[in-house]
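So the structure is just underneath, and the comments pick up after that.
Please treat every number below as a calculation from the coordinates, not as lab data. The structure presented is a predicted model; accordingly, all values stated were derived computationally and were not measured. In this analysis, Cβ positions are derived from the backbone assuming ideal geometry, glycine residues included, and neighbour counts consider all displayed protein chains.
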Amino acid sequence: MKLLKKIFLGLLLVLVILQFFRPEKNTTQGNHTKLFLDETNPPADVKLILEQACYDCHSNNTVYPWYNNVAPFSFWLSDHIKDGKKHLNFSDWESYETKKKDHKLDEVIETVTDDEMPLKEYTWTHSNARLTAEQRNNVVLWAKSTRLLYQAKMLQD
C-alpha cells in the first residue's frame, strides 16, 4: 500500500508542476482569414461552418476552451492545433501556390465527405461543430466550385 501511495503522490506532484508550464497559444490579431475568404468567397452558411468547425485547428487563431488552462490538456490541444495547421492553415492561404490551394480544397472535400473532419474529439466539446448532412453537402459544393476556379487558373498559367 505504501508503494501505491508514493506513486500517487509522485503523479500528483508531476501534475502540479506541469501547471507552471504552458504551450504557446495559437492567437493572432486582426482578420487572419480575410484573403482566404475574399479569394474563395464562401456563402454565408459555409463561412459560419468554417468559423465554427475549422478555424480553431486550421488557422492562426484558436478560441480556447476553459480546460486549455489545465495541463496535460493544454499540451494535447496544442499538439492537435499544430498538426491541424500543418495539414491546412486558412490564415496562410496567400502563401499557397494555386496547385496547392486546389489540392487543399480536394482534401477538404474528401475529409468532410468521409466524415473525418471535424474530428470527433473536437465535436464532443463543440456541439456547434457537429455538421449535418446538409452542411457537409454545402461545404463540399462550395469547395468543388472553388476548385474549378483554381483549375481554370492553372490552365491559363
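Between the listed residues 41, 152, 122, the Cα displaced farthest toward the positive end of the dipole of the chain, a dipole computed from Cβ unit charges relative to the Cα centre, is found at 122. Bridgeable lysines around residue 104 (alpha carbons under 30 Å apart, same-chain partners fewer than 8 residues away excluded): 25, 34, 47, 82, 85, 86, 120, 144, 153. Normalised by the number of residues in the chain, the mean separation of alpha-carbon contacts (under 8 Å, six or more apart) gives a relative contact order of 26 percent.
With bins 10 Å wide beginning at 0, the percent of Cα pairs of the chain falling in each bin runs 10, 34, 29, 14, 8, 4, 1, 0. Divide by every residue of the chain the summed helix terms, -39500 (n - 2.57) for each DSSP H run of at least 4, and state the resulting mean residue ellipticity at 222 nm, rounded to the nearest 500 deg cm²/dmol. Mean residue ellipticity, 222 nm, calculated: -19500 deg cm²/dmol. Peptides 131-138, 111-118, 20-27, ordered by how many other C-beta atoms sit within 10 Å of their residues on average, highest first, read 111-118, 131-138, 20-27. Label region 75-157 by shape, choosing from rounded, prolate and oblate, from the square roots a ≥ b ≥ c of the eigenvalues of the Cα gyration tensor; if a/c is under 1.5 it is rounded, and otherwise prolate applies when a/b is larger than b/c, oblate when it is not. Judged from the Cα gyration tensor, region 75-157 comes out oblate (a/c at least 1.5, b/c at or above a/b). Ranking of 2, 34 by neighbouring Cβ atoms within 10 Å, starting from the fewest: 2, 34.
Its alpha carbons give region 72-118 an Rg and a Dmax of 12.5, 39 Å. Taking a ≥ b ≥ c as the square roots of the eigenvalues of the alpha-carbon gyration tensor, region 35-85 is classed prolate because a/c is 1.5 or more and a/b outweighs b/c. Helices in the chain that qualify as membrane-span-like (whole DSSP H runs, Cα extent of at least 15 Å along the helix axis, mean Kyte-Doolittle hydropathy of -0.5 or higher) are 2-18, 133-156.
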